[in-house]
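First comes the structure, then the notes that go with it.
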Amino acid sequence: MGVLEDEVVAGEGSKALNSLFWALLLPVALVLAAAVGQWVTWVGVVLMLAVVAGAAWVVGGRWHRGGAAAVVCFAGFGLTLFAGPAVQEGYMQTVGRPVAAVVTGVVDRDQRRGPDMYCTVREVGGGRATYEVSQQENCFGQAKVGDRVEIREDPLGLLDPRLPDGPEQENTTEITLACGAGLTLVVGAVTFYGGLRRRSG
């Protein structure tokens, strides 16, 4: 009887470790896919879909936990929507190089389906480089032509410069980070729970 109990305990321990592995791997992979999507959108989308499909296969297919798989997949989609901007904003605010610039143009390219804003900014000093940035880089019409702003430039040159937040955008980065963190916890916790409660085929 003692041998059987030891085998059960060993099996439960192995199941817990395997569940923890997937509970850590899936959120990290989703955040990485979202981060790549800020650099090359289509690559990030492909990676995100691959991770979500993998989550559905593991949690729903191998573990036979359909409800948990649905929650993980939906939360995973939501996570990539928040994680991408959160990673970009956090990265640019932390390591982005502040550069003085002037706004030389603001245009809405598609007013029929909602705002599609683009801002043209030119460095005031240095090489006087000119950039065209989109809403992804925080062009939401808060800056007007002629405004002097401090943009953040990516020291690696992978991302376009980011415009500063306007007065009505206070705490948006914190809110985005909080939503991303919350969805990361949901994906990890539900994956771990599904792994512990897995059913054999």
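The values are calculated or read from the model by the stated rules, or taken from the named source; none is laboratory data. All of these numbers come straight from a predicted model, not from anything done at the bench. Neighbour counts run over all protein chains shown; Cβ positions are idealised from the backbone, glycine included. Ligands, DNA and RNA are excluded from the accessible area calculation, which covers all protein heavy atoms including side chains. Shrake-Rupley method; radii C 1.70, N 1.55, O 1.52, S 1.80 Å.
Taking Ala86, is it exposed (fewer than 14 other Cβ atoms within 10 Å of the Cβ) and either outside any helix (DSSP H, G or I) or in contact with a Gly (Cβ under 8 Å, 6 or more places away or on another chain) (or both)?
no
Can you find even one residue in the stretch 109-116 that is at positive phi and open to solvent by less than 60 Å² (accessible area, probe 1.4 Å)?
Checked the stretch 109-116: at least one residue is at positive phi and open to solvent by less than 60 Å² (accessible area, probe 1.4 Å).
Among the residues of the stretch 13-60, which ones are open to solvent by 30 Å² or more (accessible area, probe 1.4 Å) and polar (S, T, N, Q)?
Ser14, Asn18, Gln38, Thr41
So that you can scan it fast, the table gives a plain yes or no per residue for (1) more than 27 Å from Asp165 (Cβ to Cβ); (2) among the hydrophobic types (A, V, I, L, M, F, W, C); (3) in contact with a Lys or Arg (Cβ under 9 Å, 6 or more places away or on another chain); (4) in contact (Cβ under 8 Å) with a residue 24 or more places away in the chain:
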position	(1), (2), (3), (4)
Val40	no, yes, no, no
Val45	no, yes, no, no
Ala55	yes, yes, no, yes
Ala70	yes, yes, no, no
Ala86	no, yes, no, yes
Gln93	no, no, yes, yes
Thr104	no, no, yes, yes
Asp110	no, no, no, no
Ala143	no, yes, no, yes
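Being at pLDDT 90 or above and within 25 Å of the chain's Cα centre (by Cα) is true for just one of Gly54, Gly105, Gly61, Gly114. Which residue is that?
None of the others qualify; the one that does is Gly54.
For residues that are surrounded by 17 or more Cβ atoms within 10 Å (Cβ to Cβ) and not small (Gly, Ala, Ser), scanning just the stretch 61-80, find the one that is nearest to Ile175 (Cα to Cα).
Leu79
Which number in (1) surrounded by fewer than 16 Cβ atoms within 10 Å (Cβ to Cβ); (2) at pLDDT below 85 marks the one condition that Val145 misses?
(2)
For Leu185, all conditions in the list (1) in contact with a Phe, Trp or Tyr (Cβ under 7 Å, 6 or more places away or on another chain); (2) in a helix (DSSP H, G or I) hold save one; what is the number of the exception?
(1)
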